1. Tell me, what is the percent relative contact order of the chain, built from C-alpha pairs under 8 Å that lie six or more residues apart?
2. Which peptide among 49-62, 15-28 comes first, and what is the full order, when sorted by highest mean count of other Cβ atoms within 10 Å?
3. Rounded to the nearest 0.05, what FRET efficiency do Val118 and Thr15 give with R0 = 22 Å and r taken as the Cβ-Cβ distance? Could you check?
4. Which of Val64, Val39, Val118 moves most in a GNM of the chain, Cα contacts under 10 Å?
5. From the phi of every residue in the range 17-30, what ³J(HN,Hα) in whole Hz does the Karplus formula 6.51 cos²θ - 1.76 cosθ + 1.60 yield, where θ is phi - 60° and glycine or proline is x?
6. In whole Hz, what ³J(HN,Hα) sequence does the range 89-98 give by Karplus (6.51, -1.76, 1.60; θ = phi - 60°), x for Gly and Pro?
7. For the chain, with only Lys/Arg (+1) and Asp/Glu (-1) charged at the beta-carbon, what is the dipole magnitude about the Cα centre, in debye rounded to 20?
8. When the Kirkwood radius is taken over all Cα pairs of the range 17-145, what Stokes-Einstein diffusion coefficient follows at 20 °C and 1.002 mPa s, in µm²/s?
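Each reported figure results from applying straightforward, stated rules to the coordinates on display, with no laboratory input. In this text, all values refer to a predicted model and were calculated from it rather than measured experimentally. Cβ placement follows ideal geometry from the backbone for every residue including glycine, while neighbour counts extend to all protein chains displayed.
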Amino acid sequence: MSERDLPETVEIEQTTIYSPWSRDMFLAEIERQNPGLIVFKVENRLIGYLCFWKVMDEAHLLNVSLRVDFRGKGLGKFIMDYLENTCRQIGLSKILLEVAETNHLAIKLYKKCGFVKVGLRKGFYQETGDDAILMEKFIPVDSAN
């Protein structure tokens, strides 16, 4: 992601995310030169993005979204598979994420991708006071390496 991607990123964020990030939050990640800040484009149109931090040997998925008109086409799974493959390539063993208890579509996607519930963060979403489900996935070792 670069600064020129911010208008489309913020547009998607504001229309799809339960607890949306601000432009400044994305800009802070860009300025940190976070290599885990990745955009996905189709014909030069930004359709989705993800942001993760590498923490020790784990990835913490902070943010992921896909334009509404691109949902239901397998692209959410593609993005999550991309994340897993990226983590495998850089030697990470696990991915952690939080998801709002009420975000049933995201929970369904994460379960489909092999994530399991490991905890609950009470009142995680400050704007609403809603709880978040903590999910994790261990990354299988690539037998080719």
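1. Numbers: 213 pairs, mean separation 25.7, N = 145.
It rounds to 18 percent for the chain.
2. Values: 49-62: 17.9, 15-28: 14.7.
Most protected by this proxy first, the peptides run 49-62, 15-28.
3. Values: r = 29 Å, r/R0 = 1.34.
It comes out at approximately 0.15.
4. Per the Cα network of the chain with a 10 Å cutoff, Val118 tops the list.
5. My calculation for the range 17-30 gives 9, 4, 10, x, 7, 8, 4, 5, 5, 5, 4, 4, 5, 4 Hz in order.
6. 3J(HN,Hα) across the range 89-98, in whole Hz: 5, 9, x, 8, 9, 7, 10, 10, 7, 10.
7. 520 debye
8. Numbers: Rh = 15.5 Å.
In µm²/s, the coefficient is 138.
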